[in-house]
Structures are given as structure tokens and as C-alpha cells.
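The block underneath contains the structure these notes are about, expressed in C-alpha cells.
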Amino acid sequence: PTGYMENSISYSAIEDVQLLSWENAPKYCLQLTIPGGTVLLQAANSYLRDQWFHSLQWKKKIYKYKKVLSNPGRWEVVLKEIRTLVDMALTSPLQDDSIHQAPLEIVSKLLSENNNLTTQDHESIIVAIAPLLENNHPPPDLCEFFCKHCRERPRSMVVIEVFTPVVQRILKHNMDFGKCPRLRLFTQEYILALNELNAGMEVVKKFIHSMHGPTGQCPHPRVLPNLVAVCLAAIYSCYEEFINSRDNSPSLKEIRNGCQQQCDRKPNLPLRLLHTSPDLVSQEATLTESRLKPVIVTSNDIHVEVERNNTANQKLTANVGNDSEPNLIDCLMVSPTCSTMSIELSAQADRILGCYVEILKMLSDYDDWRPALASLLQPIPFPKEALAHEKFTKELKYVIQRFAEDPRQEVHSCLLSVRAGKDGWFQLYSPGGVACDDDGELFASMVHILMGSCYKTKKFLLSLAENKLGPCMLLALRGNQTMVEILCLMLEYNIIDNNDTQLQIISTLESTDVGKRMYEQLCDRQRELKELQRKGGPTRLTLPSKSTDADLARLLSSGSFGNLENLSLAFTNVTSACAEHLIKLPSLKQLNLWSTQFGDAGLRLLSEHLTMLQVLNLCETPVTDAGLLALSSMKSLCSLNMNSTKLSADTYEDLKAKLPNLKEVDVRYTEAW
């Protein structure tokens, strides 16, 4: 064949590629030597010709290396060819991802087809391809090879010198481990290999610090999500045998109550579950005998050891047939966590669990990472077996404590459930929760931080009254100031309807010095409130400009304001703190907060107590969507001014849909305008 190229030619058939550079040669042509002759390939310009030239050379050499390395002979020769292949990739002028990926895939295939290599051969190959890994993720088969090396030789210098920059690049740049799960597995095995070194967790800690960086803000946004993903997968793997040993998994509530569901498949490892029998209140004649000794119940899939508690039996059976409400303090004397699941992990799984829980602790120590970490852990992304495992929840308690100590709302708000009907960390670590292992210290800490932010609301207090009133009373009885404040607020906001329970709360408050003092203050406030709400006084009131929260409090304490319907605080210096005084005005229908510093927290409080408010002016206040959404419960609103606020269009549409009586709305100079 001669002349210009007319038919397609396979890359493997090309014997040589040359640039035509002699005088009077055809412009922008390449000469391809093939069996039996040569053909010319003409480009449109010199740049495209040079690009084709280097591309054809690259393809030709890749085919050569594929052929050589597909039938390896002596490994010394193979290693030399790999080094040459890597040098060719590094020196190629072509800019394309495949330039570096193709050699990695060739080596990956070579390793997958030759399992009889020595450890020395492994390390030599890893060192040879290391330069290509500086800017490229290893392919899946190569990740498998790296994982094997980390497991078999965790103390090898290759792990530190070669794998460290590779894992750092993965953590900084990987966007989705779901598309490349072997990258996650390699990162997981690398961290475990670091933990096997003499310094152990200290080396891991230095690695985490190197990923965060020396400054107060980590410059790589993908590092934390990737580290958390690796930790969650590793922790899940520790309980995988238990998870796979059953078809129908019991819920957390069932684990807490000691209930089990039947499975057809027998587990590899038996689960031993200690719990109080579900038929404690049964009146069968055999109950007395069953109290005397532990009972072993064998099901198709799980061995359950039942330990009966005589005290619990007596207390619970005493209430059978009795319609009166049981004594809350007496109920607390029965252990709130009646059951725990005793899971025995293998030594290897135990080491993995300890390592990755420690990493979660390290992550929670960085201030800039804590908000994102709290958000990632808010849905409780752990298997129920882990949450029922005492060692795991005890170690994870440090992380939850860090969340509870953080004053930022975006952090400690993640202690609550991610949606209604689902338990959050607040429920799991409160008395009666499956993870609670103390007398309520962490629970008190969580309540304290939540009450100190925007959660000082009726809704939060109602939730505590319905689900955690007993623990609150017990901790108040022991002098916990936060719980004393909680009980006082329940009385002040009329959260408790039952008279006996109210009297019991009062008795609890009067049993300690701090409780007695705060209850006396509550009584004083109630007397002042009664006087304030007594019929009489003006129907309209306007505070002078520059008035403060203290000025408003003094004014309202000076007489009766039971008839006050219109209050103007426009152009004053009041803040959200004055909401505690405003909610005590029973007849208030019109409130003007124009150009004040009244914010979201105050707006939430108003929305819960002043449900009969008809006119509200929030013009030029710092309220946002977070507070404005709470107005949807004020069904009597007929005039609302949100001029020059941070109102969004979506929130405006939501308010219009939920406030049927709204007739006058001012949204000028907002996003919704």
C-alpha cells in the first residue's frame, strides 16, 4: 500500500510512525509503516499533526507493553518494563487522564492474574508505579492489591511512604465512594494498618491532623464527609455477621423491650439478650416460680437469657387493675434501661471498632468540623446492633457530649431527631434510652444546651413532660439546676394538667434549696402576672423610642394591663428577650415592633402564646425564615408587615397558605416582593 490512507488500520498493525520533514514533503503529514508498505496521514495543521503523532506513538507502545506483560517471564524483566512504562507515561506530552490510567490498568491486570508473587515483588511493583498515583486514583483491582498488602504487611514502609499520599488524595478529591467502593475499602485498610504500628492511635491522630491542616479551618471540604463515610462503613462491618444472621431485624424499640422476631435462618453467632420479661404483669400462677431463677428461652435463631427482677415485678403487678396514675418517682426506681444486648465481637472486629470510634472522637474535637459532623450523624447512621452494644454507645458518648457542649445552634440542634417519629441522640442517651449508662448527667447537659437556645418553647417542654418527666423530677430531686428550671417552666406555662402530678412537682421543688428558691420566684412571678392580667389599665400603649427590655419590664410590673389591646414598641431597643413579658398580656391584639432588634427566638415564643394576635408589624427587624415560619400557628393574624426583612419567596407562599384570615401583607424590599 502507498499514497494517502484510505482505509482504517489497526493500531497493532502499525510498525512505525514518522514525521515527514524533508524538503517539498506533503504538508502536515505522518508516514505510517505497515506490513508491505507505507501510507500517509494528513492533518489540517501542524498542531493536530503533532497531536496525532504522539497519540499514535503512545498507542503503539501501550500495545507493546500489554503484549509483553501479558506473558511475564522473569520478574526482573517485568519490573524493568513496568518502570519504563511509568517513565513513558510521565514524559508524554499528551494531556489526558487515560495517559496515566492505562499503565495502572495494565499493572492491575498483571497483578490480578499472578497471585504467586513474593512480598518483595509486591513492594517493588508498588514503588515502581508510585509516581503515577500522585495525581490519579488507583483502579479497583489495584485497590484490592493495596488492601491485601495493608492487611498482610501493615508495618511495611511502603504503607507510610507510598500509600499515605495516595490516601490523602482520595480523601481530598473523592466525591462519591458509592461509585468506587474499593477506594473506601483501601482507605479503611490503610488506617487500620497505621493503627497496627507501634505508636498506634498516635499515628492515626497525626494523619487526621495532617488531613485537617494546621489552621483553624480545613481547606478541603471533602475530607470530613469521606472520613465519616469510611468510619461508618468500618463500624457497620464489625456487626455485619449479626446483621446477616437474621432475616427480620428487631427494631430498637423491640431490642429495648426485649422482644424478638422469628427468623428461618440460624445465625453464625448467637445473640444474648438480657431483659425484663414482657409478661411481668401477667397474673398466671406460674409467675411466682419464674421469679426465682433465670429462664433460658431458645428460639430458631437467637438464644435469649431472661433475668427476672423481683422488685420490678412487685411494683408493676401492684398497679394492675388500678386506674390511678403510678408514682413517677417510684417508677424511676425500676431501672429505666430494662434490657441491653450483649454482643461479643471477634478480636479483629473489636480492634476495628475501637479504631474508628476513636477517629469519630478526633473529628468531634475540631471546631470547624463539628457542625458538619453533627449533621452527618443526626440521622443515627449506625445499625441497631451497634446502638444496643454497650461498648460502642459508651465510647460514642464522648462525641455526643461534644455536641451537647457546643453553643452553636447548628451543632446541638442535631441532638434532636431528624424527623418526627424517629429517635434522635437526645432520646437514645436520656434515661430510659438504649444508650443511657449514667444517672442522667448527659441528659441534663443536653437539656441545658437546648433550653439555652431557641428550644425554650412549649413544644419542647410538652415533649419532656410526656416522655421524660420522671427523669426530670429525679434529677431535680438530686439538685440539678437545669431540671429545677424545667419543672418551674412546666408549671409556669401550664404544661401539666394533672393536679396530682403538679403537686408532686411542687414537692420535688421544695425538697432542695435551689428548687425552693426557684419555686418562690415562680410564685412571685405568678402573683405579678395575676396583677398584670387583672382587668383595667389602658387599651393602647406606646413606649418612647430608645426604650429597652428592662424599661418594658418595669412598666408592665407597675399596674394592671388586662385591657391592653394595642402595644407599640416601634423604634425602641427591645430584643427577643422582651417576648417573655409580651406573652403575659392576655388581651393583646396589635403589636408594633417596627425597627427593633426583635428576632427569631422571640417570634417563636409569641407564636406559641399570643395565638389571638391580629396585627403584627415586623418591618425592618432581623427576623428570618426560621422565625417567620412559626407565625403559621397564629391563625387570627389578619395584618402582617414583613417589609425589609429576610423573608424568602417560599416562606411567603407557605404563610399565605396557612393563614386563612390574612388580608393585609407588606413584603416590600424582600425576596418575595
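The values are calculated or read from the model by the stated rules, or taken from the named source; none is laboratory data. Remember, predicted model here, so these are calculated numbers, not experimental data. Reconstructed Cβ throughout: ideal geometry from the backbone, glycine too, with neighbour counts over all protein chains shown. Note: accessible area is taken over every heavy atom of the protein model, side chains too, but ligands, DNA and RNA are not part of it. Shrake-Rupley method; radii C 1.70, N 1.55, O 1.52, S 1.80 Å.
Details
- For the stretch 510-551, the solvent-accessible area with a 1.4 angstrom probe is 70 square angstrom per residue.
- Shape metrics for the stretch 1-68, restricted to C-alpha atoms - Rg then Dmax, Å: 12.1, 39
- Here the stretch 66-217 exposes an accessible surface that is 49 percent carbon and sulfur, computed with a 1.4 Å probe and the other protein chains kept in place.
- Peptides 72-81, 431-440 ordered by packing proxy, namely the average of other Cβ atoms within 10 Å per residue, highest first: 431-440, 72-81.
- Violating pairs (Cα-Cα greater than 26 angstrom) within the set Lys530/Lys663; Lys61/Lys148; Lys66/Lys148; Lys179/Lys206: Lys530/Lys663; Lys61/Lys148; Lys179/Lys206
- With both labels modelled 7 Å from their Cα along Cα-to-Cβ, the Lys179 to Ser587 distance reads 6.7 nm.
- The alpha-carbon of Lys459 sits under 12 angstrom from the alpha-carbons of these aspartates and glutamates, leaving out residues fewer than 8 places away in its chain: Glu608.
- For the pair Asn115 and Ala553, label points projected 7 Å from Cα toward Cβ lie 7.6 nm apart.
- Subtracting the Cα-Cα distance of Glu580 and Ser55 from their residue separation scaled by 0.36 nm leaves 181.5 nm.
- Around Gln188: net Lys/Arg minus Asp/Glu count, Cβ-Cβ under 12 Å: +2
- Stretchable slack from Gln481 to Thr539, in nm (0.36 nm times residue separation minus alpha-carbon distance): 17.0 nm
- Computed from the C-beta positions of Leu79 and Glu390 and an R0 of 45 Å, the FRET efficiency is 0.30 to the nearest 0.05.
- 17 Å reach of a label modelled at Glu441, 7 Å along Cα-to-Cβ, counting backbone N of the stretch 391-416: 393-406
- Straight-distance crosslink candidates among aspartates and glutamates, where the alpha carbon sits under 20 Å from Lys546 and sequence neighbours closer than 8 are dropped: Glu580, Glu620
- Relative contact order, percent, the stretch 536-666 [alpha-carbon distance under 8 Å, six or more residues apart]: 19 percent
- The protection proxy used here, the mean number of other Cβ atoms lying within 10 Å of each residue, ranks peptides 37-46, 56-65 as follows, highest first: 56-65, 37-46.
- The packing ranking of peptides 137-146, 190-199, highest mean first, is 137-146, 190-199, where packing means the average number of other beta carbon atoms within 10 angstrom of each residue.
- Summing charges over neighbours of Glu395, with a neighbour being any other residue whose Cβ is under 10 Å away from its Cβ, gives +2 when K and R count +1 and D and E count -1.
- Gain in span if fully extended, Thr611 to Glu410, counting 0.36 nm per residue against the direct Cα distance: 69.6 nm
- Surface listing: Glu510, Glu344 arranged by accessible area from highest to lowest gives Glu344, Glu510, probe 1.4 Å.
- Which listed pairs, of Lys384/Lys656; Lys468/Lys516; Lys109/Lys384; Lys584/Lys658; Lys384/Lys516, have C-alpha distances above 31 Å, in listed order: Lys384/Lys656; Lys109/Lys384; Lys384/Lys516
- Shape of the stretch 536-666, Cα gyration tensor, a/c cut at 1.5: prolate
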